[in-house]
Amino acid sequence: MRKATLLAVTLSVMVMFISTGSVSYAEFNSNLLVGPAPTINGAVGPSEWQGSYQLHLTPAAGYPIETYVYFLNDATNLYVLVDAIADQTEEDLDECLLVFGWPDYHVSEIWGETSSPDRIFSNGASGSSAKGFGTSHSTGGTTNHRIYEFQLNLASIGLYPGGSTEFYSPVSVKYGYYHYASMPYDHGTMGDNVYPHGLTATTTGNPATITGLGGTPPDMITASSNASIPTLSEWGMIIFFALLVLSALVFGRRKRRTA
Ligand SMILES: [Ca+2]
């Protein structure tokens, strides 16, 4: 009976940890870069963006444009792929915005012609970005769609290996000369993926300055350090195996006593 009870507790602890890790995006890790750094050219090369995506934005979760978002980092840079698989129309006004930190925030935004896009790196952010239209591994390489690639210097957005900062894409100002959009904005369908869903922002000025955030709070992103830190679900597995060993010991002792 004791063994069965222990096993039940173990399983429920494991399920708790696994569901905590997969239901909410409120905290996530950038994966450590393995292999070559992505070439920032708006095309997903065959050896680029290895490892799993961190965010999958779906209509069911409130995002009109189904999109996969990948985050990788090495000691100096963060690399972001916004793979907008449901934006299958190529317009100059398609755009993508990434914001890091709050209230001291750093911005990278890209829009305009695919061949010579307009780019913003503001409030200290520095790096490179590209806007493309093509296929990627997310769709099995068959359907052309919008692809945005970013390289951001970690220190320029308030990050370092092992460090954390807020991540969001809050604003939907697209007309006139105001800047800032979402992740991404598709002009073909006028769809806006404000991230996280339910985040609101107030802005002023031209180009826009974010003066306040409300609604759903931003996520926290943690950049990987070389010494990898177990994720929540890995900790769940560790506890699971520790309790398994413990239950084996308890069972073993009972058996000896009976004998
Ligand atoms: Ca489009």
Amide H to amide H under 5 Å from Ala86: which residues, 5+ apart in sequence or cross-chain, H placed 1.01 Å off N in plane?
Glu66
Largest-first semi-axes in Å of the equivalent ellipsoid built from the Cα gyration tensor of the stretch 68-129 are 22, 15, 11
Give a residue-ordered list of calculated ³J(HN,Hα) values for the stretch 140-154 (Karplus: 6.51 cos²θ - 1.76 cosθ + 1.60, θ = phi - 60°; whole Hz; x for Gly, Pro).
x, x, 10, 10, 5, 7, 5, 10, 10, 10, 9, 10, 10, 5, 3
Residue order, fewest to most surrounding Cβ atoms within 10 angstrom, among Phe241, Phe28, Phe167
Phe241, Phe28, Phe167
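Would you tally the net charge around Ala84, using a Cβ to Cβ cut-off of less than 10 Å, leaving Ala84 out, and scoring K and R as +1, D and E as -1? Write down the numbers at each step before the final one.
Details: positive: Arg146; negative: Glu66, Asp83, Asp87, Asp94, Asp186.
Every neighbour counted, the sum reads -4.
Over the Cα atoms of the stretch 33-223, compute the convex hull volume and normalise it per residue, giving Å³.
Values: hull volume 20.1 nm³, N = 191.
So the per-residue Cα hull volume is 105 Å³.
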What residues have an amide H closer than 5 Å to that of Met220, excluding those fewer than 5 places away on the same chain, when H is modeled at 1.01 Å from N in the peptide plane?
Glu27, Phe28, Phe167
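Every number in this text was worked out from the coordinates using simple rules, so none of it is lab data. Bear in mind that the values here come from a model prediction, so they are computed numbers and not experimental data. Virtual Cβ from ideal backbone geometry, glycine too; neighbours counted across all protein chains shown.
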